[in-house]
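The values are calculated or read from the model by the stated rules, or taken from the named source; none is laboratory data. Remember, predicted model here, so these are calculated numbers, not experimental data. When we count neighbours, we look across all protein chains shown, and the Cβ atoms used for this are built from the backbone with ideal geometry, even at glycine. Each accessible area value is taken on the protein alone, full model and side chains, heavy atoms only, with ligands, DNA and RNA left out. Shrake-Rupley method; radii C 1.70, N 1.55, O 1.52, S 1.80 Å.
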Amino acid sequence: MDGVGLDIHDELALDWDAGPLADVARGDAATAAAAVDAAVAGFDVWGSYTPAQRAEVMHRMADLIEANNDDIAMVETLDMGFMYESMKNRLVARGAINFRLYADLIVDYEERAWDAKNMANVVQRMPAGPAVVITPWNAPFMLSTWKLAPALAAGNSVIHKPAEWSPLSAALLAELADEAGFPAGSYNLVQGIGEEVGAALVADPKVRRITFTGSPATGRHIGKAAAENLVPFTAELGGKGPLVVFADADLNAAAYRAAWQFDDSGQVCLAGTRILVEESIRDEFLVKFNEHADALVLGDPRDDGTDIGPVVHPDHRANIHGFVERAAAAGDTIVRGGMPAEDSMHYVPTLIEPASNDSEVVQHEVFGPVLTFQTFATEAEAIELANSTAYGLSAMVWTTSQDRAERVGRALRAGLVWVNTFLVRDLTAPFGGCGISGIGREGGDHALDFHSDLKTLMILNGTVTANL
Ligand code: NAD
């Protein structure tokens, strides 16, 4: 591919047997130490920039992402199989929006000053220091920018460790950061295996913030490392979202949205993977759901006619199938799908009716195109089932009753609840999970707060104004 600084042969991309797409560095402990040292030096410079100076560089970064949008989208599609159209119009475009959002927020991020106790009191926000940013393989470009932008806006230097299954777009980001004018050492990229270079990065005592998106299992490891060095840590972890459909819902819209959870081969943390439907509309819902699911075309993610691209990696497809095989063996009913697609890298969209709410496939994140289907008799039972896993990232409710929308929405234990819609949100709202779905909140000023140290400055008989 031209113009993106990577030697990628896109004709190889859609065949796992055709060999590697690109070679990527495998950093080790020494690489991690060097990156942290670079970030310590970079912090001295970047951390001293004013918010307005930082915003200028970040807007340039957004300009460059926009200028390279389509090439980045193609790299991302080849690397991990998400639909090119969606990458181009939605997820890569969002990368630029993330940088612009935080460029704007940081210049408006108010310090607070007031008189009390015969003193001028000022709350100053100080950049915290080098921040390690560890990201997962799904939607890597968008998720990386979502975490990098607030860290940089706050004045921290960053060390980004992307996932080993989709490392390519991070290389592009680092190149663009250089071109945008981030000073030396302020923006660092380290490639490699999580248990190797990732573990070394989070254990380094010079790191002052760790922000992680990935699985709860890895979150536990990183949390221990953060605790060892007493470093603030945020974690955006897995999900097992309920999609609750009441009898008064717009049934076609709800069924369409339910089938749409197969999008991106189900490799979406926010996905509503547990479909919960009011008993009285069970059959009608299933007919409509199957109509929408039958219409989905599996294929080449570069083609307009495709709805669902491949899963990220053969090992992951085997993981997905393992869940389905164990479900069948345990007595759950495979309603549709249930197998890898023949002669391709896809997994057939699968619906399972579990024998019980305790089934593994109900209680654990599959992170593939596998949904479960259960019914409920009352609103109270719907809420109980919806809240019955250890996760709490997202939830969806479908109803035409405004009263019920608010009542059920408030009763759900999740960081994000959508009623009659999905995914769209104001980026200044808090984002994160309850339970094993996460620690802390990102989004808007919440991420800036995390990346800052607050100081209260008190001057007897003084007069101090904020934002000097
Ligand atoms: P993962 O936990 O396996 O890996 C995530 C990252 O952590 C990778 O970069 C990996 O190299 C690194 N890593 C692994 N072990 C490490 C260690 N010991 N120390 C430091 N770093 C280490 O997750 P994944 O399979 O890449 O991503 C899928 C998971 O991410 C799913 O659970 C999904 O729900 C979750 N996710 C959550 C959100 C959210 O916003 N809540 C968004 C996307 C994905």
| remark: Rounded to a whole %, the carbon-and-sulfur portion of the accessible area of the chain at a 1.4 Å probe is 52
| Going by alpha carbons, how many degrees (0 to 90, nearest 10) lie between the helix axis of 29-46 and the longest principal axis of the chain? | 60
| task | Just the number, please: Stokes-Einstein D of the range 242-419 in µm²/s, Kirkwood Rh from C-alpha pairs, 20 °C, 1.002 mPa s. | result | 131
| query | Taking Cα atoms of the range 180-272, Rg/Rh with Kirkwood Rh, to two decimals? | reply | 1.17
| field | Whole-Hz couplings from phi, Karplus 6.51/-1.76/1.60, listed for the range 291-307; x for Gly and Pro | value | 4, 5, 5, 4, 7, 6, 9, 8, x, 5, x, 7, 8, 4, x, 8, 9
| message | Please compute the per residue accessible area over the chain with all protein chains in place, 1.4 Å probe, rounded to a whole number of Å². | response | 41
| message | Using 28 Å as the Cα-Cα cut-off, could you pick out the over-long pairs in K88/K288; K88/K161; K88/K224; K240/K288; K117/K455; K147/K455? | response | K88/K288; K88/K224
| request: Name the long-range amide H neighbours of G241: under 5 Å, sequence gap of 5 or more, or other chain; modelled H, no Pro or chain starts. | output: T273, R274, S394
| message | From the phi angles alone, apply the Karplus equation (6.51, -1.76, 1.60; θ = phi - 60°) to the range 411-416 and give each ³J(HN,Hα) in whole Hz, x where the residue is Gly or Pro. | response | 7, 7, 9, 7, x, 9
| message | For the ranges 52-62, 365-375, what's the packing order if you count other beta-carbon atoms within 10 Å of each residue, average per peptide, and put the highest first? | response | 365-375, 52-62
| Just how far, in whole angstrom, is the range 355-417 from the range 139-187 if you go by their alpha carbon centroids? | 35
| query | What dipole magnitude, in Debye to the nearest 20, does the range 242-419 give about its Cα centre under +1 on Lys/Arg Cβ and -1 on Asp/Glu Cβ? | reply | 440
| Amide H contacts under 5 Å for T375, placed H, 5+ residues apart | V277
| Solvent-accessible surface (1.4 angstrom probe) belonging to V207, in square angstrom, nearest 10 | 0
| message | Helix 51-67 against the longest principal axis of the chain: what's the angle in degrees, Cα atoms only, rounded to the nearest 10? | response | 40
| note | With x for Gly and Pro, the residue-by-residue ³J(HN,Hα) of the range 126-140, computed from phi through the Karplus equation 6.51 cos²θ - 1.76 cosθ + 1.60 at θ = phi - 60° and given in whole Hz, is 9, x, 7, x, x, 10, 8, 10, 10, 10, x, 7, 7, 6, x
| Cβ crowding within 10 Å averaged over residues, with 265-273, 332-340 ranked highest first | 265-273, 332-340
| So which trypsin sites (Lys or Arg not before Pro) in the range 152-259 end up in coil per DSSP with only 15 or fewer other C-beta atoms within 10 Å? | K206
| Residues with amide H under 5 Å from that of V335, placed H, sequence gap 5 or more | L351, I352, E353
| query | Okay, helix-only estimate at 222 nm for the chain: each DSSP H run of n ≥ 4 adds -39500 (n - 2.57), divide by all residues, round to 500 deg cm²/dmol; what do you get? | reply | -11500 deg cm²/dmol
| field | In the range 106-164, the trypsin sites (Lys or Arg not before Pro) that fall in loop regions by DSSP, at most 14 other Cβ within 10 Å | value | K117
